[in-house]
1. If I ask for residues that are at pLDDT 95 or above and either of a type in the set (S, T, N, Q) or open to solvent by less than 50 Å² (accessible area, probe 1.4 Å) (or both), which ones from the stretch 75-90 would you list?
2. Say we look at the stretch 56-74 and pick out the residues that are surrounded by fewer than 17 Cβ atoms within 10 Å (Cβ to Cβ) and β-branched (Val, Ile, Thr); which of these is modelled with the lowest pLDDT?
3. Kindly evaluate Val84 against the criterion of being within 19 Å of Phe33 (Cα to Cα) and in contact with a Phe, Trp or Tyr (Cβ under 6 Å, 6 or more places away or on another chain).
4. What pairs come up if the first residue lies in the stretch 23-34 and is more than 15 Å from Ala53 (Cβ to Cβ), the second is open to solvent by less than 40 Å² (accessible area, probe 1.4 Å) and of a type outside the set (Lys, Arg), and their beta carbons are under 7 Å apart, counting only those six or more places apart or on different chains?
5. For the stretch 19-31, what are the residues that are of a type outside the set (D, E, K, R) and either open to solvent by less than 40 Å² (accessible area, probe 1.4 Å) or over 19 Å from Leu107 (Cβ atoms) (or both)?
6. So, Asn52, is that one open to solvent by 20 Å² or more (accessible area, probe 1.4 Å), touching a Phe, Trp or Tyr at 6+ places or on another chain (Cβ under 8 Å) and among the polar types (S, T, N, Q) or not?
7. Output the number of residues of the stretch 76-117 satisfying the condition of being part of a loop (DSSP other than H, G, I, E, B) and either acidic (Asp, Glu) or under 21 Å from Trp25 (Cα atoms) (or both).
8. Restricting to the stretch 35-49, count the residues that are surrounded by 14 or more Cβ atoms within 10 Å (Cβ to Cβ), free of Cβ contacts under 8 Å to residues at least 40 places away in the same chain and under 20 Å from Asn110 (Cβ atoms).
Amino acid sequence: MALALLTVLSVPAHASAAANSCPKWEPLLARHFPAKAVPVMSRIAYRESRCNAQSLSVVRKSTGRPDVGLLQIQGSWATVTRAVCKKPDVIKALLDPQCNVKVARYLYDNGGLRHWRATSGK
């Protein structure tokens, strides 16, 4: 019983544990992705950041930058982020959910879901 309560309490209020998705962010995702992609991207956001737009991973040894924001965009996408979001500070830009989702759409249009490891949310 205590473990079940702890599990429920550890899921952010804006996340849906039952669906492993981020309903709070689906309107934003819907403005930038085709309708069929919204549920998938919502599950990816849940898996990657638990719906936390301010999420930062540890710095990757391979790039020297963290994965950032709602959809955990690699900070190494600096050129794309600057071009898409028109902001010079890449990490700060990717912490803005609007920018993060716009860059995610760019990545989606240029490689699909391969930019996020196995989608694991079906």
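1. Listed by number, the residues that qualify are Ala78, Thr79, Val80, Thr81, Val84, Cys85, Val90.
2. Checking each candidate, the answer is Thr63.
3. Yes.
4. Ala30/Val38; Phe33/Met41
5. First pass over the stretch 19-31, keeping only residues of a type outside the set (D, E, K, R): 19-23, 25, 27-30.
Passing the criteria: Ala19, Asn20, Ser21, Cys22, Pro23, Trp25, Pro27, Leu28, Leu29.
6. Numbers: open to solvent by 20 Å² or more (accessible area, probe 1.4 Å): yes; touching a Phe, Trp or Tyr at 6+ places or on another chain (Cβ under 8 Å): no; among the polar types (S, T, N, Q): yes.
For Asn52, the condition - open to solvent by 20 Å² or more (accessible area, probe 1.4 Å), touching a Phe, Trp or Tyr at 6+ places or on another chain (Cβ under 8 Å) and among the polar types (S, T, N, Q) - is not met.
7. Looking only at the stretch 76-117, we keep the residues that are part of a loop (DSSP other than H, G, I, E, B), and these are 76-77, 86-89, 95-96, 110-111, 116-117.
Then keep just the ones that are either acidic (Asp, Glu) or under 21 Å from Trp25 (Cα atoms) (or both); that gives 89, 95-96, 116-117.
Final tally of qualifying residues: 5.
8. Total meeting the criteria: 2.
The values are calculated or read from the model by the stated rules, or taken from the named source; none is laboratory data. None of these values were measured; they are calculated from a predicted model. Reconstructed Cβ throughout: ideal geometry from the backbone, glycine too, with neighbour counts over all protein chains shown. For accessibility, only protein heavy atoms count, side chains too; no ligands or nucleic acids. Shrake-Rupley method; radii C 1.70, N 1.55, O 1.52, S 1.80 Å.
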